[in-house]
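The values are calculated or read from the model by the stated rules, or taken from the named source; none is laboratory data. Remember, it's a predicted structure, so these values are computed and weren't measured experimentally. Methodologically, a virtual Cβ is constructed for each residue, glycine included, from the backbone with ideal geometry; neighbour enumeration extends over all protein chains shown. Surface areas here come from the heavy atoms of the whole protein model, side chains and all, with no ligands, DNA or RNA. Shrake-Rupley method; radii C 1.70, N 1.55, O 1.52, S 1.80 Å.
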Amino acid sequence: MDDLWQDAMDHAVAIARKSGQMVREALRDDRKVMMTKSSSIDLVTQTDQKVEQLIIKSVKEKFPTHRFIGEESVAAGEPCDLTDFPTWIIDPIDGTTNFVHAFPFVAVSIGFCVNKQCEFGVVYSCLQDQMFTARRGRGAFCNGEPLQVSTEEDISRSIIATEFGSNRETEAIDRMFSSLRKIVCIPVQGVRSAGSAAVNMCLVASGCVEAYYEIGIHVWDVAAGSLLVTEAGGVLMDVEGGVVDLMSRRIIAANNRTLAERIVKEIDSFSPTRDDAPLPKQ
Ligand code: LIP
């Protein structure tokens, strides 16, 4: 296995840890300084922006030809196009609403793709000091300890995680809650929402949660976590059962295909505007 990307992964771990320190420090003084994006509940803070700038600046210095997809860069008008070039897919604070409320699931998420394939993923759950890492073909780890998904095959003996995002349009809400009701009434043993897609996927990789699904996420929320799940022995699937498309804003991350396919049966799906959809003409 070539070690071509090990240097990049080592940098990702180091900058994620440094970013996590910034987040913890900001919790004390400026987490309430926030703005809104697509709606009054789609939050962004100065810390989101500072962390993303720190990560991108540090990567550009070491890997000047690499490209970026960053949540706040895209929000500022940068294109969200995944090409074959080495690309860093960054969510500076996954769980921004949690950050503003000091709710303890706040993650720095860094995925790295080449030829549209994830080579490594790093998720730093910085209030819990848990560094989740995965390198394609080499397993998934938390603080250096190997991760393995749950072995449970029976969804009625499972915990399922999901989120409701920031879309409050009636059609989307109706479908999300119809899906939730059907899954709760299987019945499953529990439903959980960490408030962070990346943390939910780390919980699947760790075997604490059997599956996570969501419609409305973005590629930066799930790029790193997707490799953590598969390298821990789990599977990814589209909510309608096909191959997952990280730009589609839809995902199921599960411990095995049996549970993933069972969840597909209960989801009333819909298709948000893709992350790589052409920007509206000015
Ligand atoms: C969050 C995602 C979560 C989703 C939230 C939000 P952010 O990411 O991790 O799954 O439900 O609406 O998008 O915005 O905190 O980076």
**OP:** Could you please tell me which pairs satisfy a Cβ distance under 6 Å, a separation of 6+ or placement on different chains, a first residue in the range 254-282 that is within 30 Å of residue 72 (Cβ to Cβ), and a second residue that is aliphatic (A, V, I, L, M) and assigned to a strand (DSSP E or B)?
**Re:** 254/211; 254/235
Original post:
In the range 74-100, what residues are aliphatic (A, V, I, L, M), closer than 19 Å to residue 225 by Cα and away from the ligand (no atom under 14 Å from the Cβ)?
Top reply: 82
Original post:
Just to be sure, is residue 259 part of a loop (DSSP other than H, G, I, E, B) and crowded, with 23+ Cβ neighbours inside 10 Å?
Top reply: no
**OP:** With the condition kept exactly as written, say whether any residue in the range 118-126 is open to solvent by less than 20 Å² (accessible area, probe 1.4 Å) and at positive phi.
**Re:** no
Original post:
Inside the range 149-175, can you point out the residues that are closer than 24 Å to residue 229 by Cα, open to solvent by 20 Å² or more (accessible area, probe 1.4 Å) and free of Cβ contacts under 8 Å to residues at least 60 places away in the same chain?
Top reply: 154, 156, 157, 159, 163, 164, 165
Original post:
Is the range 186-207 home to any residue that is in a strand (DSSP E or B), open to solvent by 40 Å² or more (accessible area, probe 1.4 Å), farther than 18 Å from residue 258 by Cα and within 13 Å of the ligand (Cβ to nearest atom)?
Top reply: yes
**OP:** Hey, can you tell me all the residues within the range 208-225 that are in contact with a helix residue (DSSP H, G or I) (Cβ under 8 Å, 6 or more places away or on another chain) and buried (at least 24 other Cβ atoms within 10 Å of the Cβ)?
**Re:** 209, 210, 211, 212, 213, 215, 217, 220, 221, 222, 224, 225
Subject >> In the range 29-66, the residues that are of a type in the set (S, T, N, Q), touching a residue at least 24 places away in the same chain (Cβ under 8 Å) and open to solvent by 70 Å² or more (accessible area, probe 1.4 Å) >> reply: 38
**OP:** Answer yes or no as to whether residue 229 is more than 13 Å from the ligand (Cβ to nearest atom), part of a loop (DSSP other than H, G, I, E, B), under 27 Å from residue 139 (Cβ atoms) and not hydroxyl-bearing (Ser, Thr, Tyr).
**Re:** no
Original post:
Just checking, how many residues over the range 17-58 are at pLDDT 90 or above and farther than 28 Å from residue 167 by Cβ?
Top reply: 10
**OP:** For the range 67-112, name all the residues that are assigned to a loop (DSSP other than H, G, I, E, B) and open to solvent by less than 20 Å² (accessible area, probe 1.4 Å).
**Re:** 80, 95, 106
Original post:
Which pairs have Cβ atoms under 8 Å, sit 6 or more apart or on different chains, and link a residue in the range 1-20 that is of a type in the set (Lys, Arg) to one that is assigned to a helix (DSSP H, G or I)?
Top reply: 18/54
